[in-house]
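Novice: Pasting a structure below so you can have a look.
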Amino acid sequence: MADALELALRLVLVLGAFLVLPLLVGQTEHKVMAHMQSRVGPMYAGGFHGWAQLIADGVKFAQKEDVVPAAADGAVFRLAPAVAMVPYLVVLVAIPIGPGLVGQELDIGLFFVLAVMGVGVLGTLMAGWASANKYSLLGGMRVAAQLMAYELPFVLAAVSPAMAARTLSLSGIVEAWEPWWLIWQLPGLVVFFVAGLAELQRPPFDMPVADSELVFGPYTEYTGLRFALFLLAEYAGIVVLAALTTVLFLGGWQGPFADQLGWLWSLTKIGVVALLVVWLRVAVPRLRADQLQRLAWQALVPIALFQLALTSAVGVWNG
Amino acid sequence: MSSWGSGLIRGLRVTWQNLARRSVTAQYPDAPPELPPRSRGVIALFEENCTVCMLCARECPCWCIYIDSHKEAVPPVEEGARERSTNVLDRFAIDYSLCMYCGICIEACPFDALEWSPEFEYAELDIRDLTHEKDRLREWMWTVPAPPGLDPAAAEPKEIATAQKAAEKAAAASQGQAAEETRDDGGGS
């Protein structure tokens, strides 16, 4: 009984984090992006510097009519937002925030996380295919091409810290992490982060939703709550990517006073990585299709392989 | 040829500097904008100065100024002189749905009857209400700010020199008259 209660509490906490953290990232993006462009961003909603802007947006989305195009494949069209969003919620269950502070400790945590994250992008593909819209379809095809290219370096880079820590458990990887990993795992860190950005289709890798070319890519036909779910999935994806980068490469809760303030260290690192995601969106223009492919196959994959070789060599050296 | 990635770094640096700098955005409906004195907001009419010379209406590239007038006889100032006639303004209207805010009418007016006012909040729901008749144009005159001051080393404006000369002449004349009066007084007693 106590076990079930504890599990329920953990899951409620994870759900709470899933609902709150993406909104925090979204609001930060609103304000930080605005100031980076010499604007001020939302100022009215909620009274103080537009803090309630995303809540107002949510209310607006909830009021809108739920339109399904006549020619669309209804079932797939309706299911797609859920398929896009739920995997990130599931991934969040397995990510440790502090020592013992995790939804569900898994021995094969890294494998689980990578496998489930791969599902999330299926939602975008489904949306692109089911919308019966040429722009959506083109966007979906671009998503497919992008994912084919970036899934490989993403996984290869994620393997490196697991090899170095000799465990697939996310908590185990954080336990084994030492500050000097920042240096010799740096190529892996860069590849993981960049490939993760591409997986999320965040700018500068937002070619699938390039609004100047494809209206809004796979999301063109979506309105109301289903569209809001896609947006939520995007920001949840940022949180998950930031959390995974933190856990795998930045030492998770490790830092001064890790026993008491471990969770704070984790959240701080996640926040910094999320801020970097926003910063890159503002500063870097969108990549073209050929540039995307070249970056993936000619830069990220070789670097990831080099990182794997380095990790193996160091692992063998240390016995 | 700059090195690879330098553009990326520069982009990150510029955006970070923007983030660190305070934004200059004015929250317009809450905070009134600070406009310079000759901002092209609306054109005000100083009706008393207008002589119906029609220069403004003729120079206007948009043909957005409407002027109607009639002549009135003014009784002669001196006995036996002939009667004078003067123009009386009946209608002066500017159609702001046509106006392109070039300010040529203001430049053309020889009697400073037209002025720029920085007021700009006169949007209307009906386009016909954008034609401001002369009473409304006269009201804008109250919002015309004083002209900006001269530069420190600027020459004295012609008007001031003329006024100064006139004042000096008047002062000299009154002094001379006063001296004459005292002499007359002295001779009489």
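Novice: Hey, among the residues in segment B:113-169 that are more than 16 Å from B:Arg40 (Cα to Cα) and of a type in the set (Ser, Thr, Tyr), which one's surrounded by the fewest Cβ atoms within 10 Å (Cβ to Cβ)?
Specialist: Taking the candidates together, the pick is B:Thr162.
Novice: Still on this structure: Taking segment A:23-48 as the region of interest, how many residues are open to solvent by less than 30 Å² (accessible area, probe 1.4 Å) and within 13 Å of chain B (Cβ to nearest Cβ)?
Specialist: Selection size over segment A:23-48: 7.
Novice: I'm trying to understand the selection: among the residues of segment A:266-302, which are in contact (Cβ under 8 Å) with a residue 60 or more places away in the chain, more than 19 Å from the chain's Cα centre (by Cα) and away from every other protein chain (no Cβ under 14 Å)?
Specialist: A:Arg288, A:Ala289, A:Gln293, A:Trp297, A:Val301 - these are the residues of segment A:266-302 that are in contact (Cβ under 8 Å) with a residue 60 or more places away in the chain, more than 19 Å from the chain's Cα centre (by Cα) and away from every other protein chain (no Cβ under 14 Å).
Novice: Please tell me if A:Val159 is β-branched (Val, Ile, Thr) and within 11 Å of A:Thr245 (Cα to Cα). Working first, answer last.
Specialist: Numbers: β-branched (Val, Ile, Thr): yes; within 11 Å of A:Thr245 (Cα to Cα): no.
When the stated conditions are applied, A:Val159 does not pass them.
Novice: Within segment B:28-49, can you find the residues that are open to solvent by less than 50 Å² (accessible area, probe 1.4 Å) and either within 14 Å of another protein chain (Cβ to nearest Cβ) or among the acidic types (Asp, Glu) (or both)?
Specialist: B:Ala31
Novice: Got a number for residues in segment B:7-60 being modelled with pLDDT under 85 and among the polar types (S, T, N, Q)?
Specialist: 3
Novice: Only residues that are open to solvent by less than 40 Å² (accessible area, probe 1.4 Å) and in contact with a Phe, Trp or Tyr (Cβ under 8 Å, 6 or more places away or on another chain): list them for segment B:50-65, please. Reasoning before the result, please.
Specialist: Going residue by residue through segment B:50-65, those that are open to solvent by less than 40 Å² (accessible area, probe 1.4 Å) are B:50, B:52, B:56-57, B:60, B:62, B:64-65.
Correct list: B:Cys50, B:Ala57, B:Cys64, B:Ile65.
Novice: Out of all the residues in segment A:105-112, is one or more more than 21 Å from the chain's Cα centre (by Cα) and either at negative phi or outside any helix (DSSP H, G or I) (or both)?
Specialist: Restricting attention to segment A:105-112, the residues satisfying the condition of being more than 21 Å from the chain's Cα centre (by Cα) are A:107.
From what is left, the residues that are either at negative phi or outside any helix (DSSP H, G or I) (or both) are A:107.
Scanning segment A:105-112 turns up at least one residue that is more than 21 Å from the chain's Cα centre (by Cα) and either at negative phi or outside any helix (DSSP H, G or I) (or both).
Novice: Let me ask something else about it. Can you name the residue in segment A:207-231 that is open to solvent by less than 20 Å² (accessible area, probe 1.4 Å) and in a loop (DSSP other than H, G, I, E, B) and, of all such residues, is nearest to A:Tyr88 (Cα to Cα)?
Specialist: By that ranking, first place goes to A:Tyr222.
Novice: Kindly indicate the residue of segment A:173-191 that is touching a helix residue (DSSP H, G or I) at 6+ places or on another chain (Cβ under 9 Å) and without any contact (Cβ under 8 Å) to a residue 60 or more places away in the chain and also nearest to A:Val282 (Cα to Cα) among those meeting that condition.
Specialist: Going through segment A:173-191, the residues touching a helix residue (DSSP H, G or I) at 6+ places or on another chain (Cβ under 9 Å) turn out to be A:173-177, A:181-182, A:184-191.
Checking the rest, the ones that are also without any contact (Cβ under 8 Å) to a residue 60 or more places away in the chain come to A:175-176, A:186.
Values: A:Glu175: 34, A:Ala176: 35, A:Leu186: 23 Å.
The extreme case among them is A:Leu186.
Novice: Under 7 Å by Cβ, and 6 or more places apart or on different chains, what pairs join a residue from segment B:130-147 that is under 17 Å from B:Leu98 (Cα atoms) with one that is assigned to a helix (DSSP H, G or I)?
Specialist: Matching pairs, first to second residue: B:Lys134/B:Glu47.
Novice: Can you name every residue in segment A:287-319 that is closer than 15 Å to A:Arg166 by Cα, outside any loop (DSSP other than H, G, I, E, B), open to solvent by 30 Å² or more (accessible area, probe 1.4 Å) and of a type in the set (S, T, N, Q)?
Specialist: Within segment A:287-319, A:Ser312 is the sole residue that qualifies.
Novice: Within the set of pairs 6+ apart or on separate chains, which have a first residue in segment A:140-158 that is in contact (Cβ under 8 Å) with a residue 60 or more places away in the chain, a second that is open to solvent by 30 Å² or more (accessible area, probe 1.4 Å), and C-beta atoms under 6 Å apart?
Specialist: Cβ pairs passing all conditions: A:Gly140/A:Leu125; A:Gly140/A:Trp129; A:Val143/A:Leu125; A:Ala149/A:Gln293.
Novice: Could you figure out which of (1) of a type in the set (Gly, Ala, Ser); (2) buried (at least 24 other Cβ atoms within 10 Å of the Cβ); (3) assigned to a helix (DSSP H, G or I) isn't true of A:Gly252?
Specialist: Result: A:Gly252 passes all but (3).
Novice: Let me ask something else. Residue by residue through segment A:67-88, note down the ones that are open to solvent by 50 Å² or more (accessible area, probe 1.4 Å) and under 26 Å from A:Val239 (Cβ atoms). Steps first, answer last, please.
Specialist: Quick first cut of segment A:67-88, residues open to solvent by 50 Å² or more (accessible area, probe 1.4 Å) only: A:67, A:70-71, A:73, A:75, A:78-79, A:86.
Across segment A:67-88, the qualifying residues are A:Arg78, A:Leu79, A:Val86.
Novice: Just to verify a result, which residue in segment B:18-27, among those that are at the interface with chain A (Cβ under 9 Å from one of its Cβ atoms) and open to solvent by less than 90 Å² (accessible area, probe 1.4 Å), is farthest from A:Lys31 (Cα to Cα)?
Specialist: Looking at the filtered set, the residue picked out is B:Gln27.
Novice: If you check A:Glu234 against the conditions, is it open to solvent by 10 Å² or more (accessible area, probe 1.4 Å), in contact (Cβ under 8 Å) with a residue 12 or more places away in the chain, farther than 20 Å from A:Gln27 by Cβ and of a type in the set (Asp, Glu)? Can you show your working first?
Specialist: On the way: open to solvent by 10 Å² or more (accessible area, probe 1.4 Å): yes; in contact (Cβ under 8 Å) with a residue 12 or more places away in the chain: yes; farther than 20 Å from A:Gln27 by Cβ: no; of a type in the set (Asp, Glu): yes.
Criteria not met by A:Glu234.
Novice: Suppose we keep only residues that are surrounded by 14 or more Cβ atoms within 10 Å (Cβ to Cβ) and in contact (Cβ under 8 Å) with a residue 40 or more places away in the chain within segment B:70-103. Which one would you say is farthest from the chain's Cα centre (by Cα)?
Specialist: B:Leu89
Novice: Could you grab me the full set of residues in segment A:52-63 that are surrounded by 14 or more Cβ atoms within 10 Å (Cβ to Cβ) and in contact (Cβ under 8 Å) with a residue 24 or more places away in the chain? Give the derivation first.
Specialist: Restricting attention to segment A:52-63, the residues satisfying the condition of being surrounded by 14 or more Cβ atoms within 10 Å (Cβ to Cβ) are A:52-54, A:56-58, A:61.
Across segment A:52-63, the qualifying residues are A:Gln53, A:Leu54, A:Asp57, A:Gly58, A:Phe61.
Novice: With the requirement that a residue be of a type in the set (S, T, N, Q), more than 11 Å from A:His35 (Cβ to Cβ) and under 42 Å from the mean Cα position of the chain (by Cα), what does segment B:6-28 give you?
Specialist: B:Gln27
Novice: Every residue in segment A:215-253 that is under 16 Å from the mean Cα position of the chain (by Cα) and of a type in the set (Asp, Glu), please.
Specialist: Passing the criteria: only A:Glu234.
Novice: Going by the conditions given, is A:Gly58 closer than 13 Å to A:Leu231 by Cβ and assigned to a helix (DSSP H, G or I)? Before you say what the answer is, go through the steps one by one.
Specialist: Details: closer than 13 Å to A:Leu231 by Cβ: yes; assigned to a helix (DSSP H, G or I): yes.
Answer is yes for this residue.
The values are calculated or read from the model by the stated rules, or taken from the named source; none is laboratory data. Computed from a predicted structure; not experimentally measured. As a convention, Cβ positions derive from the backbone with ideal geometry for all residues, glycine included, and neighbour counts pool all protein chains shown. The accessibility values were calculated without ligands, DNA or RNA, using every heavy atom of the protein model including side chains. Shrake-Rupley method; radii C 1.70, N 1.55, O 1.52, S 1.80 Å.
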